[in-house]
1. Accessible surface of residue 161 in the full protein assembly, 1.4 angstrom probe, to the nearest 10 Å²?
2. With a 1.4 Å probe and every protein chain kept in, tell me what percent of the accessible surface of segment 146-222 is carbon plus sulfur.
3. Using Cα-Cα distances under 8 Å and only pairs 6 or more residues apart, what relative contact order does segment 112-335 have, in percent?
4. Under a point-charge model restricted to the Cβ atoms of Lys and Arg (+1) and Asp and Glu (-1), what is the dipole moment magnitude of segment 112-335 relative to its Cα centre, in debye to the nearest 20?
5. Sum up the lysine pairs in segment 112-335 that clear both bars: alpha-carbon distance under 23 Å and a spacing of 8 or more or different chains.
6. Where does each of 162, 149 land when they are ordered by accessible area, with a 1.4 Å probe and the largest first?
7. Ignoring any ligand, DNA or RNA, what whole percent of the accessible area of segment 48-106 comes from carbon and sulfur when the probe is 1.4 angstrom?
8. Quick one: order 139, 100, 174 from most to least accessible surface, probe 1.4 Å.
Amino acid sequence: MAPSKQYDEGGQLQLMDAADRIEEEGECFESIDKLTRLRLISIRPSPLPPSLISQGINSGDVKKLQDAGIYTCNGLMMHTKKSLTGIKGLSEAKVDKICEAAEKLLRKSVVRITTGSQALDELLGGGIETLCITEAFGEFRSGKTQLAHTLCVSTQLPIHMHGGNGKVAYIDTEGTFRPERIVPIAERFGMDANAVLDNIIYARAYTYEHQYNLLLGLAAKMAEEPFRLLIVDSVIALFRVDFSGRGELAERQQKLAQMLSRLTKIAEEFNVAVYITNQVIADPGGGMFITDPKKPAGGHVLAHAATIRLMLRKGKGEQLRQNKDSITDMVTANSKAG
């Protein structure tokens, strides 16, 4: 069962959950409204309603924070006290009390999600980390999207199996997501493919603005459901299409920085892992001893935003196959010329 798509009145594709409503009994993901205990699971973002109320904060004040777009304790700490006192009905004394309560509840721990490869997990110190951005760059067919598909499944594994025990959001800018590829990966991990697909929400982005707007809508959804991974494949593709030439380079980098800043805030506010793929460009200054030098697109803006950068290269088998194809083409061309 593939993730469903829906269009709004303006004809834009919106994020849609592919699942029918999951039965509440036996459900491992609790809704925010059901959380009544003081101590929350450390790997989940601390939601405002029950946790702050249990710390003595008035429910009316919590409602005011929610109306202002602040849904979690993590999100609360991203605002200055000056901006919080600007919310109608919140005095300076109330803001101090709310911030103090939120700081007590913030007990986040990093979750590492397996990539499905023991060697790569060891290289990453256990897997893809939450609270940060992991970037994978490389030329086409180097395995970036394949890793994204694997993470869609491994993220849903229980914590004790090196998973994230959460849902996945997938923003596709190049049309590379294939639900049918999820099926064999799910079978490899011993999981039900339909259940795995039900926990993946998918959206196709067509412009850089559309891509950014999807992130804004996704934040509200993450405040309601337990997500553990956000994938953007690829993060740079639409920027390279919508901006051209050196004359628009400065504006492109500024918009890209805003997008990456938003991704960073989502990672930290909701304790999710952000996995982005990136393209490569030719690097003439790579050096005479480097064959076919390439470097990741996006420049320093993207380099500084990513906490972890993975460079993927094609294996010798792939290179050998391509060389054979090239030789065959050359022989065919020479035969026709003769």
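The values are calculated or read from the model by the stated rules, or taken from the named source; none is laboratory data. These numbers come from a predicted model, not from an experiment. Quick reminder, even Gly has a Cβ in these numbers, built from the backbone with ideal geometry, and neighbours come from all protein chains shown. Just the protein is used for accessible areas: all its heavy atoms, side chains included, with ligands, DNA and RNA removed. Shrake-Rupley method; radii C 1.70, N 1.55, O 1.52, S 1.80 Å.
1. Probe radius 1.4 Å; accessible area of residue 161 about 90 Å².
2. Heavy-atom surface of segment 146-222 belonging to carbon and sulfur, 1.4 Å probe: 53 percent.
3. 29 percent
4. Computed about the Cα centre, the dipole is about 380 debye.
5. 17
6. Final ranking, largest accessible area leading: 162, 149.
7. Result for segment 48-106: 52 percent of the exposed heavy-atom area is carbon or sulfur.
8. Greatest to least solvent exposure: 100, 174, 139.
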